[in-house]
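First the structure, in the form of C-alpha coordinates, and then the observations on it.
The values are calculated or read from the model by the stated rules, or taken from the named source; none is laboratory data. Nothing here was measured: the structure is a model prediction, and the numbers come from that model. Don't worry about glycine lacking a Cβ; one is built from the backbone with ideal geometry, like all the others, and counts go over all protein chains shown. Keep in mind that these areas ignore ligands, DNA and RNA; they rest on the heavy atoms of the full protein, side chains included. Shrake-Rupley method; radii C 1.70, N 1.55, O 1.52, S 1.80 Å.
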Amino acid sequence: MTENRPLTILCVSSYEKGQEFLRTCKALGCRVLLLTVEKLRDANWPRESLDDVFLMPEDLSQQHLLYTVSYMARLQPIDRIVALDEFDMENVSALREHLRIPGMGLTTIRYFRDKLAMRARAKEAGILVPEFVHILNYDAIREFMARVPAPWLLKPRSQASGIGMKKIHRPDDLWPCLDQLGDQQSFYLLEQFVPGVVYHVDGVVSDREVLFAEPHAYGAPPLDVSHQGGVFTTRTLPRDAAETKRLLDVNREVIEGLGYLRGVTHAEFLKSHADGKFYFIEIAARVGGAYISDMIETATNINLWREWARLEVGAGKQPYQLPATRRDYAGVIVSLARQEQPDTSAYQDPEIVYRVSKFHHAGFVLKSSKPERIQQLLDSYSARFIQDFLATQPVPEKPTT
(Lines give C-alpha, C1' and ligand atoms only; values in the text may rest on other atoms or scores of the structure.)
Protein backbone atom coordinates (compact mmCIF):
# COMPACT_ATOMS: atom_id res chain seq x y z
CA MET A 1 0.00 0.00 0.00
CA THR A 2 1.14 3.58 -0.75
CA GLU A 3 -0.46 6.47 1.17
CA ASN A 4 -3.53 4.31 1.93
CA ARG A 5 -3.96 3.25 -1.68
CA PRO A 6 -2.82 0.13 -3.53
CA LEU A 7 0.61 0.15 -5.14
CA THR A 8 0.25 0.60 -8.90
CA ILE A 9 2.72 -1.43 -10.96
CA LEU A 10 3.07 -0.97 -14.72
CA CYS A 11 4.45 -4.01 -16.56
CA VAL A 12 5.89 -3.50 -20.04
CA SER A 13 6.43 -6.39 -22.43
CA SER A 14 6.91 -6.80 -26.16
CA TYR A 15 6.59 -10.58 -25.75
CA GLU A 16 3.99 -12.91 -24.25
CA LYS A 17 5.51 -13.85 -20.92
CA GLY A 18 5.45 -13.08 -17.21
CA GLN A 19 1.89 -14.22 -16.51
CA GLU A 20 2.82 -15.49 -13.05
CA PHE A 21 4.49 -12.16 -12.29
CA LEU A 22 1.22 -10.38 -13.11
CA ARG A 23 -0.86 -12.80 -11.05
CA THR A 24 1.44 -12.47 -8.05
CA CYS A 25 1.39 -8.67 -8.12
CA LYS A 26 -2.40 -8.76 -8.11
CA ALA A 27 -2.47 -11.34 -5.30
CA LEU A 28 -0.25 -9.01 -3.26
CA GLY A 29 -2.89 -6.28 -3.53
CA CYS A 30 -1.43 -4.16 -6.33
CA ARG A 31 -3.20 -2.41 -9.17
CA VAL A 32 -1.63 -4.08 -12.20
CA LEU A 33 -1.32 -2.33 -15.57
CA LEU A 34 0.06 -3.97 -18.72
CA LEU A 35 1.58 -2.11 -21.65
CA THR A 36 2.20 -4.46 -24.57
CA VAL A 37 2.37 -4.41 -28.36
CA GLU A 38 -0.74 -4.29 -30.53
CA LYS A 39 -0.18 -7.76 -32.00
CA LEU A 40 -0.41 -9.28 -28.48
CA ARG A 41 -3.81 -7.72 -27.79
CA ASP A 42 -5.44 -11.19 -27.66
CA ALA A 43 -2.51 -13.11 -26.16
CA ASN A 44 -2.92 -15.39 -23.16
CA TRP A 45 -2.66 -12.67 -20.51
CA PRO A 46 -4.24 -13.31 -17.08
CA ARG A 47 -7.05 -10.80 -17.62
CA GLU A 48 -8.47 -11.41 -14.16
CA SER A 49 -5.23 -10.00 -12.69
CA LEU A 50 -5.07 -6.88 -14.87
CA ASP A 51 -6.73 -3.60 -13.98
CA ASP A 52 -6.05 -2.18 -17.43
CA VAL A 53 -4.24 -3.06 -20.66
CA PHE A 54 -2.61 -0.48 -22.92
CA LEU A 55 -1.35 -1.16 -26.45
CA MET A 56 1.56 0.32 -28.35
CA PRO A 57 2.98 -0.06 -31.88
CA GLU A 58 5.73 -2.66 -32.17
CA ASP A 59 8.43 -0.14 -33.15
CA LEU A 60 7.49 2.65 -30.75
CA SER A 61 10.54 4.84 -30.13
CA GLN A 62 11.83 5.46 -26.64
CA GLN A 63 10.84 9.11 -26.91
CA HIS A 64 7.27 8.24 -27.80
CA LEU A 65 7.20 5.63 -25.05
CA LEU A 66 8.10 8.40 -22.60
CA TYR A 67 5.23 10.48 -23.98
CA THR A 68 2.81 7.55 -23.74
CA VAL A 69 3.58 6.58 -20.15
CA SER A 70 3.77 10.21 -19.02
CA TYR A 71 0.25 10.68 -20.42
CA MET A 72 -0.91 7.56 -18.57
CA ALA A 73 0.55 9.00 -15.35
CA ARG A 74 -1.65 12.11 -15.66
CA LEU A 75 -4.68 9.96 -14.90
CA GLN A 76 -3.28 7.63 -12.23
CA PRO A 77 -0.20 7.25 -10.04
CA ILE A 78 2.47 4.78 -11.19
CA ASP A 79 4.68 3.48 -8.39
CA ARG A 80 6.74 0.78 -10.12
CA ILE A 81 7.60 0.01 -13.74
CA VAL A 82 8.89 -3.46 -14.68
CA ALA A 83 10.10 -4.89 -18.00
CA LEU A 84 8.93 -8.48 -18.31
CA ASP A 85 11.24 -9.11 -21.27
CA GLU A 86 14.92 -8.34 -21.70
CA PHE A 87 14.40 -6.28 -24.84
CA ASP A 88 12.23 -3.79 -22.94
CA MET A 89 14.63 -3.23 -20.06
CA GLU A 90 16.51 -0.21 -21.40
CA ASN A 91 13.28 1.56 -22.31
CA VAL A 92 11.84 0.84 -18.88
CA SER A 93 15.01 2.14 -17.20
CA ALA A 94 14.64 5.35 -19.20
CA LEU A 95 11.02 5.58 -18.03
CA ARG A 96 12.07 5.15 -14.39
CA GLU A 97 14.66 7.89 -14.69
CA HIS A 98 12.29 10.26 -16.47
CA LEU A 99 9.43 9.73 -14.01
CA ARG A 100 11.78 9.36 -10.98
CA ILE A 101 10.40 5.93 -10.09
CA PRO A 102 12.50 3.50 -7.95
CA GLY A 103 14.44 0.77 -9.70
CA MET A 104 17.46 0.32 -11.94
CA GLY A 105 18.27 3.31 -14.11
CA LEU A 106 20.10 3.37 -17.42
CA THR A 107 23.62 3.23 -15.97
CA THR A 108 22.98 0.16 -13.81
CA ILE A 109 20.90 -1.71 -16.36
CA ARG A 110 23.81 -1.58 -18.82
CA TYR A 111 25.69 -4.03 -16.62
CA PHE A 112 22.85 -6.49 -17.22
CA ARG A 113 22.13 -5.75 -20.90
CA ASP A 114 25.29 -4.41 -22.51
CA LYS A 115 27.85 -7.18 -23.07
CA LEU A 116 30.67 -4.66 -23.32
CA ALA A 117 29.74 -2.91 -20.08
CA MET A 118 29.29 -6.14 -18.10
CA ARG A 119 32.60 -7.57 -19.36
CA ALA A 120 34.54 -4.43 -18.59
CA ARG A 121 33.05 -4.18 -15.08
CA ALA A 122 33.61 -7.90 -14.37
CA LYS A 123 37.22 -7.65 -15.54
CA GLU A 124 37.77 -4.67 -13.23
CA ALA A 125 36.40 -6.81 -10.37
CA GLY A 126 38.97 -9.53 -11.09
CA ILE A 127 36.52 -11.97 -12.70
CA LEU A 128 37.84 -14.04 -15.60
CA VAL A 129 36.27 -13.15 -18.97
CA PRO A 130 37.25 -14.05 -22.55
CA GLU A 131 39.52 -11.45 -24.17
CA PHE A 132 37.48 -8.76 -25.92
CA VAL A 133 37.72 -5.44 -27.70
CA HIS A 134 35.13 -2.77 -28.45
CA ILE A 135 34.43 -2.28 -32.16
CA LEU A 136 35.51 1.34 -32.09
CA ASN A 137 39.18 2.11 -32.72
CA TYR A 138 40.56 0.18 -35.69
CA ASP A 139 44.16 0.14 -34.40
CA ALA A 140 42.93 -1.44 -31.15
CA ILE A 141 40.98 -4.04 -33.16
CA ARG A 142 44.06 -4.89 -35.25
CA GLU A 143 46.17 -5.23 -32.10
CA PHE A 144 43.54 -7.53 -30.57
CA MET A 145 43.46 -9.83 -33.62
CA ALA A 146 47.27 -9.96 -33.73
CA ARG A 147 47.45 -10.87 -30.02
CA VAL A 148 44.42 -13.15 -29.51
CA PRO A 149 44.26 -16.30 -31.67
CA ALA A 150 41.25 -16.78 -33.98
CA PRO A 151 38.41 -17.59 -34.16
CA TRP A 152 36.56 -14.66 -32.61
CA LEU A 153 32.91 -13.83 -32.07
CA LEU A 154 31.46 -10.58 -33.35
CA LYS A 155 28.66 -9.85 -30.87
CA PRO A 156 25.98 -7.16 -30.63
CA ARG A 157 26.21 -5.51 -27.24
CA SER A 158 22.48 -5.73 -26.43
CA GLN A 159 20.98 -8.84 -27.99
CA ALA A 160 20.20 -12.35 -26.73
CA SER A 161 19.99 -15.99 -27.87
CA GLY A 162 22.82 -15.69 -30.38
CA ILE A 163 20.93 -13.08 -32.42
CA GLY A 164 23.28 -11.11 -34.64
CA MET A 165 26.44 -13.03 -33.64
CA LYS A 166 29.01 -14.09 -36.23
CA LYS A 167 32.09 -16.28 -35.90
CA ILE A 168 35.14 -14.66 -37.50
CA HIS A 169 38.03 -16.92 -38.58
CA ARG A 170 40.44 -14.45 -40.22
CA PRO A 171 41.10 -10.70 -39.94
CA ASP A 172 40.11 -10.26 -43.58
CA ASP A 173 36.66 -11.67 -42.75
CA LEU A 174 35.98 -8.98 -40.15
CA TRP A 175 36.29 -5.79 -42.19
CA PRO A 176 33.48 -6.56 -44.69
CA CYS A 177 31.19 -7.28 -41.71
CA LEU A 178 32.05 -3.90 -40.22
CA ASP A 179 31.47 -2.17 -43.54
CA GLN A 180 28.03 -3.76 -43.63
CA LEU A 181 27.29 -2.57 -40.09
CA GLY A 182 28.17 1.01 -40.96
CA ASP A 183 27.27 3.40 -38.16
CA GLN A 184 26.10 0.46 -36.01
CA GLN A 185 29.69 -0.77 -35.53
CA SER A 186 30.16 0.79 -32.10
CA PHE A 187 27.22 -1.27 -30.82
CA TYR A 188 29.35 -4.43 -31.22
CA LEU A 189 32.36 -6.07 -29.61
CA LEU A 190 34.82 -8.71 -30.79
CA GLU A 191 35.47 -11.53 -28.35
CA GLN A 192 37.83 -14.47 -28.10
CA PHE A 193 36.03 -17.73 -28.92
CA VAL A 194 36.69 -20.13 -26.03
CA PRO A 195 35.54 -23.73 -26.71
CA GLY A 196 34.08 -25.32 -23.61
CA VAL A 197 31.05 -26.44 -21.64
CA VAL A 198 28.42 -23.73 -21.09
CA TYR A 199 26.50 -23.37 -17.83
CA HIS A 200 23.85 -21.07 -16.46
CA VAL A 201 23.07 -20.05 -12.89
CA ASP A 202 19.62 -18.69 -12.09
CA GLY A 203 18.97 -16.96 -8.81
CA VAL A 204 17.19 -14.60 -6.45
CA VAL A 205 18.91 -11.56 -4.91
CA SER A 206 17.63 -9.40 -2.06
CA ASP A 207 19.51 -6.41 -0.64
CA ARG A 208 22.64 -7.45 -2.60
CA GLU A 209 22.63 -10.94 -1.05
CA VAL A 210 22.23 -14.05 -3.19
CA LEU A 211 19.50 -15.97 -1.38
CA PHE A 212 18.97 -18.65 -4.03
CA ALA A 213 21.12 -19.88 -6.90
CA GLU A 214 20.72 -23.03 -8.97
CA PRO A 215 23.52 -24.04 -11.40
CA HIS A 216 22.71 -25.91 -14.61
CA ALA A 217 24.58 -27.34 -17.58
CA TYR A 218 23.45 -26.90 -21.16
CA GLY A 219 23.76 -29.85 -23.53
CA ALA A 220 25.16 -28.33 -26.71
CA PRO A 221 26.18 -24.67 -26.26
CA PRO A 222 23.17 -22.41 -26.99
CA LEU A 223 25.17 -20.57 -29.67
CA ASP A 224 25.68 -23.85 -31.55
CA VAL A 225 22.00 -24.77 -31.26
CA SER A 226 20.80 -21.38 -32.48
CA HIS A 227 23.26 -21.13 -35.37
CA GLN A 228 23.73 -24.74 -36.46
CA GLY A 229 20.40 -26.23 -35.44
CA GLY A 230 19.82 -28.99 -32.96
CA VAL A 231 18.01 -29.91 -29.79
CA PHE A 232 18.20 -27.59 -26.79
CA THR A 233 18.71 -29.21 -23.39
CA THR A 234 19.66 -28.08 -19.92
CA ARG A 235 19.66 -29.82 -16.55
CA THR A 236 20.25 -29.31 -12.85
CA LEU A 237 23.86 -30.03 -11.88
CA PRO A 238 24.61 -32.52 -9.09
CA ARG A 239 24.61 -30.33 -6.00
CA ASP A 240 27.73 -31.84 -4.47
CA ALA A 241 29.84 -31.57 -7.65
CA ALA A 242 32.98 -29.41 -7.61
CA GLU A 243 31.80 -27.49 -10.68
CA THR A 244 28.54 -26.66 -8.91
CA LYS A 245 30.38 -25.13 -5.97
CA ARG A 246 32.67 -23.13 -8.26
CA LEU A 247 29.73 -21.82 -10.27
CA LEU A 248 27.97 -20.68 -7.09
CA ASP A 249 31.11 -18.80 -6.05
CA VAL A 250 31.73 -17.07 -9.37
CA ASN A 251 28.02 -16.23 -9.75
CA ARG A 252 28.13 -14.47 -6.37
CA GLU A 253 31.31 -12.64 -7.38
CA VAL A 254 29.65 -11.38 -10.57
CA ILE A 255 26.49 -10.19 -8.82
CA GLU A 256 28.49 -8.40 -6.14
CA GLY A 257 30.92 -6.95 -8.68
CA LEU A 258 28.10 -5.55 -10.84
CA GLY A 259 26.26 -4.10 -7.84
CA TYR A 260 22.91 -5.86 -8.24
CA LEU A 261 20.47 -4.81 -5.53
CA ARG A 262 17.42 -7.07 -5.82
CA GLY A 263 15.51 -9.23 -8.26
CA VAL A 264 16.23 -12.35 -10.28
CA THR A 265 19.26 -13.17 -12.41
CA HIS A 266 20.17 -15.46 -15.29
CA ALA A 267 23.95 -15.72 -15.72
CA GLU A 268 26.01 -17.78 -18.17
CA PHE A 269 29.49 -19.17 -17.65
CA LEU A 270 31.88 -21.31 -19.67
CA LYS A 271 34.41 -23.93 -18.53
CA SER A 272 37.25 -23.89 -21.04
CA HIS A 273 38.33 -27.19 -22.59
CA ALA A 274 41.87 -25.81 -22.83
CA ASP A 275 42.60 -24.66 -19.28
CA GLY A 276 39.65 -25.91 -17.21
CA LYS A 277 38.93 -22.40 -15.91
CA PHE A 278 35.47 -20.84 -15.60
CA TYR A 279 34.83 -17.70 -17.68
CA PHE A 280 31.98 -15.25 -17.18
CA ILE A 281 29.96 -14.89 -20.40
CA GLU A 282 26.95 -12.71 -19.56
CA ILE A 283 24.24 -11.94 -17.01
CA ALA A 284 20.69 -10.64 -17.27
CA ALA A 285 18.33 -9.22 -14.64
CA ARG A 286 15.43 -11.37 -15.74
CA VAL A 287 13.96 -14.87 -15.71
CA GLY A 288 15.65 -17.26 -18.15
CA GLY A 289 13.66 -18.35 -21.19
CA ALA A 290 13.28 -21.73 -22.91
CA TYR A 291 11.25 -23.20 -20.02
CA ILE A 292 14.16 -22.73 -17.61
CA SER A 293 11.86 -21.22 -14.97
CA ASP A 294 9.57 -24.28 -15.23
CA MET A 295 12.57 -26.56 -14.75
CA ILE A 296 13.73 -24.64 -11.68
CA GLU A 297 10.30 -24.70 -10.06
CA THR A 298 10.03 -28.44 -10.78
CA ALA A 299 13.34 -29.13 -9.03
CA THR A 300 13.26 -26.61 -6.19
CA ASN A 301 9.72 -25.25 -5.63
CA ILE A 302 11.01 -21.74 -6.44
CA ASN A 303 9.01 -19.91 -9.11
CA LEU A 304 11.33 -17.12 -10.23
CA TRP A 305 8.50 -15.04 -11.72
CA ARG A 306 6.64 -15.15 -8.41
CA GLU A 307 9.69 -14.29 -6.31
CA TRP A 308 10.62 -11.44 -8.65
CA ALA A 309 7.14 -9.98 -8.17
CA ARG A 310 7.41 -10.27 -4.39
CA LEU A 311 10.77 -8.49 -4.44
CA GLU A 312 9.54 -5.78 -6.80
CA VAL A 313 6.41 -5.05 -4.78
CA GLY A 314 8.32 -5.01 -1.48
CA ALA A 315 11.24 -3.04 -2.99
CA GLY A 316 13.27 -3.14 0.21
CA LYS A 317 10.43 -1.83 2.41
CA GLN A 318 9.12 -5.23 3.41
CA PRO A 319 11.31 -8.08 4.68
CA TYR A 320 11.75 -10.74 2.02
CA GLN A 321 11.94 -14.42 2.89
CA LEU A 322 12.64 -17.14 0.37
CA PRO A 323 10.07 -19.98 0.39
CA ALA A 324 11.09 -23.47 1.46
CA THR A 325 13.00 -25.26 -1.28
CA ARG A 326 13.19 -28.83 -2.54
CA ARG A 327 16.35 -30.54 -3.78
CA ASP A 328 15.09 -32.64 -6.68
CA TYR A 329 16.61 -32.60 -10.16
CA ALA A 330 15.05 -31.46 -13.41
CA GLY A 331 15.83 -30.95 -17.07
CA VAL A 332 14.42 -29.36 -20.20
CA ILE A 333 14.48 -30.59 -23.78
CA VAL A 334 12.95 -28.54 -26.61
CA SER A 335 13.37 -28.22 -30.35
CA LEU A 336 11.75 -26.71 -33.39
CA ALA A 337 9.46 -29.28 -34.99
CA ARG A 338 8.58 -30.00 -38.60
CA GLN A 339 4.99 -30.63 -37.52
CA GLU A 340 2.69 -27.78 -36.55
CA GLN A 341 1.41 -29.81 -33.59
CA PRO A 342 3.92 -32.60 -32.98
CA ASP A 343 2.63 -35.82 -31.45
CA THR A 344 4.75 -36.72 -28.41
CA SER A 345 2.52 -39.54 -27.19
CA ALA A 346 5.26 -42.12 -27.83
CA TYR A 347 7.24 -40.58 -24.97
CA GLN A 348 5.73 -42.00 -21.79
CA ASP A 349 8.41 -42.01 -19.11
CA PRO A 350 7.01 -41.02 -15.69
CA GLU A 351 9.71 -38.36 -15.32
CA ILE A 352 7.87 -36.17 -17.86
CA VAL A 353 6.02 -33.57 -15.79
CA TYR A 354 5.24 -30.99 -18.49
CA ARG A 355 4.78 -31.18 -22.26
CA VAL A 356 5.51 -28.08 -24.35
CA SER A 357 2.36 -26.91 -26.13
CA LYS A 358 3.53 -24.47 -28.79
CA PHE A 359 3.19 -24.50 -32.57
CA HIS A 360 6.15 -26.16 -34.32
CA HIS A 361 7.85 -27.04 -31.03
CA ALA A 362 8.37 -30.31 -29.18
CA GLY A 363 9.66 -30.51 -25.66
CA PHE A 364 9.37 -31.65 -22.07
CA VAL A 365 10.27 -30.70 -18.53
CA LEU A 366 11.61 -33.72 -16.64
CA LYS A 367 11.88 -34.43 -12.91
CA SER A 368 13.76 -37.06 -10.90
CA SER A 369 15.41 -37.48 -7.52
CA LYS A 370 18.58 -38.56 -9.36
CA PRO A 371 20.62 -36.32 -11.69
CA GLU A 372 21.88 -39.37 -13.58
CA ARG A 373 18.34 -40.24 -14.65
CA ILE A 374 17.76 -36.75 -16.01
CA GLN A 375 20.98 -36.96 -18.03
CA GLN A 376 20.07 -40.42 -19.34
CA LEU A 377 16.65 -39.24 -20.54
CA LEU A 378 18.01 -36.07 -22.15
CA ASP A 379 20.60 -38.07 -24.07
CA SER A 380 18.02 -40.61 -25.23
CA TYR A 381 15.37 -38.04 -26.13
CA SER A 382 17.83 -35.81 -28.00
CA ALA A 383 18.63 -38.63 -30.43
CA ARG A 384 14.92 -39.45 -30.85
CA PHE A 385 13.92 -35.80 -31.34
CA ILE A 386 16.32 -35.52 -34.29
CA GLN A 387 14.47 -38.35 -36.02
CA ASP A 388 10.95 -37.51 -34.88
CA PHE A 389 10.68 -33.73 -34.91
CA LEU A 390 13.78 -31.62 -35.52
CA ALA A 391 13.49 -28.64 -37.86
CA THR A 392 15.89 -25.73 -38.29
CA GLN A 393 15.63 -22.12 -39.35
CA PRO A 394 18.16 -19.29 -39.78
CA VAL A 395 18.95 -17.12 -36.76
CA PRO A 396 17.16 -13.77 -37.18
CA GLU A 397 19.24 -10.62 -37.37
CA LYS A 398 16.92 -9.00 -34.83
CA PRO A 399 14.37 -10.32 -32.31
CA THR A 400 10.79 -10.99 -33.39
CA THR A 401 7.70 -11.16 -31.21
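Out of the residues in the range 115-136 meeting the condition of being outside any helix (DSSP H, G or I) and touching an Asp or Glu at 6+ places or on another chain (Cβ under 9 Å), tell me which one is surrounded by the fewest Cβ atoms within 10 Å (Cβ to Cβ). Full working, then the answer.
Initially, the range 115-136 is screened for residues outside any helix (DSSP H, G or I), giving 125-136.
Right, trim to touching an Asp or Glu at 6+ places or on another chain (Cβ under 9 Å) and you get 125-127, 129-133.
Numbers: 125: 15, 126: 8, 127: 20, 129: 22, 130: 18, 131: 17, 132: 19, 133: 20.
Within the range 115-136, the match that is surrounded by the fewest Cβ atoms within 10 Å (Cβ to Cβ) is 126.
Could you check residue 43 against (1) surrounded by fewer than 19 Cβ atoms within 10 Å (Cβ to Cβ); (2) in contact (Cβ under 8 Å) with a residue 24 or more places away in the chain; (3) farther than 17 Å from residue 83 by Cβ and say which number it fails?
That leaves (3) as the condition not met.
Which ones in the range 82-113 are small (Gly, Ala, Ser) and open to solvent by 30 Å² or more (accessible area, probe 1.4 Å)? Before you say what the answer is, go through the steps one by one.
If we filter the range 82-113 for residues that are small (Gly, Ala, Ser), which is where we start, we get 83, 93-94, 103, 105.
Across the range 82-113, the qualifying residue is only 103.
Within the set of pairs 6 or more residues apart or between chains, which connect a residue that is farther than 28 Å from residue 319 by Cα inside the range 195-220 to a residue that is crowded, with 22+ Cβ neighbours inside 10 Å and basic (Lys, Arg) with Cβ atoms less than 9 Å apart?
As it stands, the answer is 216/235; 217/235; 218/235; 219/235, since those pairs meet every condition given.
Select from the range 210-223 the residues that are at pLDDT 95 or above and open to solvent by 30 Å² or more (accessible area, probe 1.4 Å) and list them in ascending order.
210, 211
Of the residues that sit in the range 226-267 and are within 30 Å of residue 315 (Cα to Cα) and part of a loop (DSSP other than H, G, I, E, B), which one is least open to solvent (accessible area, probe 1.4 Å)?
Top of the filtered list is 260.
Just to confirm my filter: which strands (runs of 3 or more DSSP E) fall fully inside the range 302-398 and include at least 1 residues that are among the small types (Gly, Ala, Ser) and crowded, with 21+ Cβ neighbours inside 10 Å?
Details: elements: 329-336, 352-355, 361-368.
Filter on the range 302-398 gives 329-336, 361-368.
Starting from residues that are assigned to a loop (DSSP other than H, G, I, E, B) and open to solvent by less than 50 Å² (accessible area, probe 1.4 Å), keep the ones in the range 10-27 and report whichever is nearest to residue 49 (Cα to Cα).
Residues of the range 10-27 that are assigned to a loop (DSSP other than H, G, I, E, B), as a first pass: 14-18.
Then drop every residue that is not open to solvent by less than 50 Å² (accessible area, probe 1.4 Å), which leaves 14-15, 18.
Details: 14: 18, 15: 18, 18: 12 Å.
Only one residue fits best here, namely 18.
Please tell me if residue 48 is of a type outside the set (Ser, Thr, Tyr), open to solvent by 70 Å² or more (accessible area, probe 1.4 Å) and either out of contact with any Cys (no Cβ under 7 Å at 6 or more places or on another chain) or closer than 19 Å to residue 6 by Cα (or both). Can you show your working first?
Values: of a type outside the set (Ser, Thr, Tyr): yes; open to solvent by 70 Å² or more (accessible area, probe 1.4 Å): yes; either out of contact with any Cys (no Cβ under 7 Å at 6 or more places or on another chain) or closer than 19 Å to residue 6 by Cα (or both): yes.
For residue 48, the condition - of a type outside the set (Ser, Thr, Tyr), open to solvent by 70 Å² or more (accessible area, probe 1.4 Å) and either out of contact with any Cys (no Cβ under 7 Å at 6 or more places or on another chain) or closer than 19 Å to residue 6 by Cα (or both) - is met.
Criterion first (within 25 Å of the chain's Cα centre (by Cα) and surrounded by 15 or more Cβ atoms within 10 Å (Cβ to Cβ)) does residue 55 satisfy it?
Numbers: within 25 Å of the chain's Cα centre (by Cα): yes; surrounded by 15 or more Cβ atoms within 10 Å (Cβ to Cβ): no.
Judged against the criteria, residue 55 is not a match.
Filter the range 58-81 down to residues that are out of contact with any helix residue (DSSP H, G or I) (no Cβ under 8 Å at 6 or more places or on another chain) and open to solvent by 80 Å² or more (accessible area, probe 1.4 Å), then give me how many there are. Before the answer, list the steps.
If we filter the range 58-81 for residues that are out of contact with any helix residue (DSSP H, G or I) (no Cβ under 8 Å at 6 or more places or on another chain), which is where we start, we get 59, 61, 63-64, 67-68, 71-72, 74-77, 79.
Narrowing the set further to residues that are open to solvent by 80 Å² or more (accessible area, probe 1.4 Å) leaves 59, 63-64, 67, 71, 74-75.
Residues in the range 58-81 being out of contact with any helix residue (DSSP H, G or I) (no Cβ under 8 Å at 6 or more places or on another chain) and open to solvent by 80 Å² or more (accessible area, probe 1.4 Å): 7 in total.
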